[in-house]
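Some notes on the structure that comes next.
Laboratory data are not the source of any read-out in this text; all were calculated from the coordinates shown. Please read these numbers as outputs of a predicted model, since none were measured by experiment. So basically every Cβ, Gly included, is an ideal-geometry build from the backbone, and we count neighbours across all protein chains shown.
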Amino acid sequence: MEDGGNTAGAGVLQRYAEVRERIAAAARAGGRNPAEVRLVAVSKTFPAAVVAPLARLGGVLLGESRVQEAAAKIAELAGAPCQWHLIGHLQSNKANRAAELFSLVHSVDDVELLRRLDRRCLELGRTLDVLAEINVGGEEVKSGCTGEALPQILAAAAECRAVRLRGLMTVPPYTEDPEGARPFFARLRELRERWAPRFAGALDLRELSMGMSHDFEVAVAEGATIVRVGSAIFGGR
Ligand SMILES: *Cc1c(COP(=O)(O)O)cnc(C)c1O
């Protein structure tokens, strides 16, 4: 699709609406309420000028991978009625900055990082929602903790005062066929089903952040409450 100059914004808005439609259709097909699934439009690598029409729409969630890139974009789009999510790996030396910028951090994968975010949020006088990122495929190159490490994170989260652990996130191994991701999405759902009852008094683990441009419909079928979609909205990177 050719999308130069003035029409780029219209293209982004249209594709955002189309993705929302596809999410709603997938939810209904699975007997779910479409309102249970939120869309994060992943704006990483795209400049503020391209993101602006979506940011100004109202109520849009925008996902960024890197703290520094996000900080610049958030400053450029200051005042826009949107929320910013961190979806990429968070290094501990960027935790303080992340605590200032985001409304949801999808990528907490160790106890120290969780505690550091909590300390910083206490200083800032804010609460911060986070998700625990699980490397369900066990790939070495990926960030995320193992399912075995999850209970330690849950126990630490139960002690946090400003950070609220709201659920789990994963990026499954890539397969050409989106159906290849299904068992990994199911595994994330099973982890939540296993652990949520044991921490029910302390944590509300409602969110499952899973599904990207090429497999979000499968993720919705497996129970996603948040999908993270970049290229299907903004185009190729
Ligand atoms: C880039 C990214 C996405 C979006 O990927 P698309 O294939 O462009 O939809 C989702 N989640 C994470 C963690 C990402 O890094």
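Here are the numbers for this structure:
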quantity	calculated
For the stretch 135-140, 3J(HN,Hα) per residue [Karplus equation, 6.51 cos²θ - 1.76 cosθ + 1.60, θ = phi - 60°, Hz, x = Gly/Pro]	8, 5, x, x, 6, 5
Extended-chain gain in nm, criterion 0.36 nm per residue less alpha-carbon gap, Glu193 and Asn33	55.7 nm
For the chain, alpha-carbon Rg and Dmax in angstrom	17.2, 53
Coil-residue GluC sites (Glu not before Pro) of the stretch 99-144, DSSP, other Cβ within 10 Å capped at 14	Glu139, Glu140
Amide H contacts under 5 Å for Cys145, placed H, 5+ residues apart	Glu133, Ile134, Asn135
Integer Hz, Karplus 6.51/-1.76/1.60 couplings in order for the stretch 57-65, x for Gly and Pro	4, x, x, 7, 9, 10, x, 10, 9
Separation of alpha-carbon centers, the stretch 88-132 and the stretch 171-219, rounded to whole Å	21
Trypsin sites (Lys or Arg not before Pro) restricted to DSSP loop in the stretch 128-225 with at most 13 other C-beta within 10 Å	Arg161, Arg206
Partners for Lys142 among lysines (Cα-Cα distance below 25 Å; same-chain residues under 8 apart left out)	Lys44, Lys94
In nm, spacing of pseudo-spin labels at Ala186 and Ala200 (7 Å Cα→C-beta vector)	2.5
